[in-house]
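The values are calculated or read from the model by the stated rules, or taken from the named source; none is laboratory data. Keep in mind it's a predicted model, so treat the numbers as computed, not measured. Cβ: placed from backbone, ideal geometry, glycine included. Neighbour counts: every protein chain shown. We work out accessible area using only protein heavy atoms, side chains counted, and drop any ligands, DNA or RNA first. Shrake-Rupley method; radii C 1.70, N 1.55, O 1.52, S 1.80 Å.
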Amino acid sequence: MTMTHLPMFVLAATASGAMTGGRLLDQVPMARNFFVGVFEWFGDLGLFCVRLIRAAITPPYEFGELLRQCDAIGSKSLTLVALAGAATGVVLSLQTRDSLVRFGAKAFLPAVIVFSIIKESGPIITGLIVSGRVGAGIGAELGSMKVTEQIDAMEASAVDPYKFLVATRVMACVLMLPLLTVVSNFCGILMGWVANTLSEPISLRLFLKTGSRPWSSPTTSPPRSQDHSVRIDDWDRVLLPGNPHPRRHRGSRKIGH
Amino acid sequence: MKRNGSEIPIQIADLQKSFGEQEVLKGISLQVKSGETVAVLGRSGGGKSVLLKLIIGLQTPDGGSIQVAGKEITKLDEPQLNEVRKRVGFLFRRVGLARALALDPEILLFDEPTAGLDPITAAEIGDLIVSLKRKRKMGAVVVTHDVHGANAYSDRMVLLHEGSIAAEGSFDDLQSSQDEFVKQFFSYSSR
């Protein structure tokens with residue numbers, strides 16, 4: 001939401017409140033409280049981040065607790081992340097195959113799977129899975145510790161709760177999330193290959209080679225009598241059959257079924 | 001901090017604390033001598049736990065002063081406060097008893113240590129407090145609702161009412177008090 005949209009939203013909310021029976025002037029404190037609440041929230045978040053960074057970089061360090069959190073966040077989420085990545089790879093392979101075949105670009109399927117998983121799907125799926133599982137668990141654990149005054153007891157024992165509870169969990173997430181993303185990507189690409197192989201056998205080596213270099217030579221040569229290949233120029237622009245070549249093209253190459 | 005009767009480990013003067021418009025403590029003054037066990041009694045929500053948290057520096061008072069081991073708690077920064085906390089053991093609802101004792105503190109603060117316990121276990125907690133006082137010369141401030149349990153291990157009792165000290169003294173002194181609230185508190189506790 002841009003800065004122009006926010007005041008419009010507040011004015012609309014204020015006006016709607018007036019239309020439902022309240023006086024317009026009575027809604028001004030509500031709008032003011034809304035703005036103050038937003039700034040307070042961001043302010044609290046900023047102060048929390050400053051305190052967190054200070055606790056994370058100043059000694060003494062809680063390596064033992066950090067390792068324990070890495071195990072709880074990383075290894076305990078491994079199975080779920082791997083399954084989610086695998087499912088993503090299979091679905092991506094099955095659903096994009098038909099579309100690519102329709103345009104004669106089936107050879108791009110490995111590249112579609114590899115690049116979409118590595119660049120977007122893998123990190124997003126991993127982030128959603130970990131935030132749902134780990135985030136909810138951390139919130140529940142720290143919430144119950146706060147209610148039972150364990151955090152106060154920790155602070156009264158001269159143990160910094162930010163260093164012991166917060167910084168260790170944040171650092172564990174920072175360390176484990178990229179590793180979990182790698183696992184998710186691996187499982188997604190592997191299962192994408194499996195799903196692709198079930199319909200049209202292709203070796204894993206060729207799948208990965210084609211996936212990493214989509215501009216390489218076509219895997220199969222189309223029959224001459226039915227040349228439905230699509231040409232792309234050196235700037236990767238698709239040249240449909242019959243269209244004149246762009247003026248500044250340097251050449252083109254065929255990609256086939 | 002030396003463990004003899006001449007030094008005063010905790011000295012509270014005119015302590016005030018409010019939460020919004022709710023005044024919890026209205027000028028509490030209290031002294032706890034080294035090796036002395038003081039029981040703080042009162043109604044639920046009367047400010048007993050808040051008093052302990054102010055002593056240990058977990059909350060900041062609105063007025064007054066708190067001196068622990070000769071240091072003004074309200075004027076200390078976090079590292080200095082941690083040094084004081086290492087000398088004061090704090091137990092919330094029996095959490096961290098071993099941790100609190102491991103640092104060999106000179107005084108212990110108990111926040112309702114016998115809440116929810118059966119009478120036998122509650123008596124064992126009381127025996128532990130007495131044992132710590134005798135063997136390790138360790139003083140204590142115990143927040144509790146258990147009047148008769150507190151009588152077994154405390155040297156002095158303090159009864160809080162509406163943010164002020166309604167009565168202070170031994171069990172017999174409080175039981176024979178003519179204050180209406182004190183009489184009502186002790187009559188209900190003996191039922």
>> Residue pairs, Cβ under 8 Å, 6 or more apart or interchain, first in the range A:46-57 and closer than 9 Å to residue A:163 by Cα, second outside any helix (DSSP H, G or I). List them.
In response: A:55/A:160
> When you look at residue B:136, is it of a type outside the set (Gly, Ala, Ser), open to solvent by 20 Å² or more (accessible area, probe 1.4 Å), within 12 Å of chain A (Cβ to nearest Cβ) and in contact (Cβ under 8 Å) with a residue 24 or more places away in the chain, yes or no?
Replying inline: no
>> If I filter the range A:86-100 down to residues being farther than 13 Å from residue A:193 by Cα and not polar (S, T, N, Q), which single residue comes out as surrounded by the fewest Cβ atoms within 10 Å (Cβ to Cβ)?
In response: A:98
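Being within 24 Å of residue B:86 (Cβ to Cβ), more than 14 Å from chain A (Cβ to nearest Cβ), open to solvent by less than 20 Å² (accessible area, probe 1.4 Å) and of a type outside the set (Val, Ile, Thr): is that true of residue B:30 here? Please lay out each step first, then the result.
Working: within 24 Å of residue B:86 (Cβ to Cβ): yes; more than 14 Å from chain A (Cβ to nearest Cβ): yes; open to solvent by less than 20 Å² (accessible area, probe 1.4 Å): yes; of a type outside the set (Val, Ile, Thr): yes.
Yes: the conditions hold for residue B:30.
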>> Whether any residue in the range B:83-101 is open to solvent by less than 20 Å² (accessible area, probe 1.4 Å), of a type in the set (Lys, Arg) and more than 19 Å from residue B:171 (Cβ to Cβ) is what I want to check.
In response: yes
>> With the requirement that a residue be farther than 22 Å from residue A:85 by Cα, in a helix (DSSP H, G or I) and touching a Lys or Arg at 6+ places or on another chain (Cβ under 9 Å), what does the range A:168-215 give you?
In response: A:168
> If you go through the range A:52-85, how many residues are within 10 Å of residue A:168 (Cα to Cα), part of a helix (DSSP H, G or I) and not basic (Lys, Arg)?
Replying inline: 10
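Check A:63, A:103, A:39 and return the single one that is open to solvent by 90 Å² or more (accessible area, probe 1.4 Å), touching a residue at least 24 places away in the same chain (Cβ under 8 Å) and of a type outside the set (D, E, K, R).
A:103
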> In the range B:142-191, what residues are of a type in the set (Asp, Glu) and closer than 20 Å to residue B:52 by Cβ?
Replying inline: B:146, B:155, B:162, B:168
> more than 25 Å from residue A:58 (Cβ to Cβ), more than 14 Å from chain A (Cβ to nearest Cβ), open to solvent by less than 70 Å² (accessible area, probe 1.4 Å) and at pLDDT 90 or above: does that describe residue B:15?
Replying inline: yes
> Looking at the range A:138-179, which of its residues are of a type in the set (Asp, Glu) and either open to solvent by less than 50 Å² (accessible area, probe 1.4 Å) or within 20 Å of the chain's Cα centre (by Cα) (or both)?
Replying inline: A:149, A:152, A:155
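Got at least one residue in the range A:122-138 being within 14 Å of chain B (Cβ to nearest Cβ), closer than 30 Å to residue B:102 by Cβ and not in a loop (DSSP other than H, G, I, E, B)? Before the answer, list the steps.
Looking only at the range A:122-138, we keep the residues that are within 14 Å of chain B (Cβ to nearest Cβ), and these are none.
Within the range A:122-138, none of the residues are within 14 Å of chain B (Cβ to nearest Cβ), closer than 30 Å to residue B:102 by Cβ and not in a loop (DSSP other than H, G, I, E, B).
Quick check on this structure: which one of B:74, B:144 is surrounded by 21 or more Cβ atoms within 10 Å (Cβ to Cβ) and either modelled with pLDDT of 85 or more or over 15 Å from the mean Cα position of the chain (by Cα) (or both)?
Numbers: B:74 fails: surrounded by 21 or more Cβ atoms within 10 Å (Cβ to Cβ).
Just one listed residue meets the conditions, B:144.
Name the strands (runs of 3 or more DSSP E) wholly inside the range B:52-127 in which the number of residues that are at the interface with chain A (Cβ under 10 Å from one of its Cβ atoms) is 1 or more. Break it down into steps so the answer makes sense when it comes.
Numbers: elements: B:63-68, B:88-92, B:107-111.
Because the criterion is at least 1 residues that are at the interface with chain A (Cβ under 10 Å from one of its Cβ atoms), the strands (runs of 3 or more DSSP E) in the range B:52-127 that meet it are B:88-92, B:107-111.
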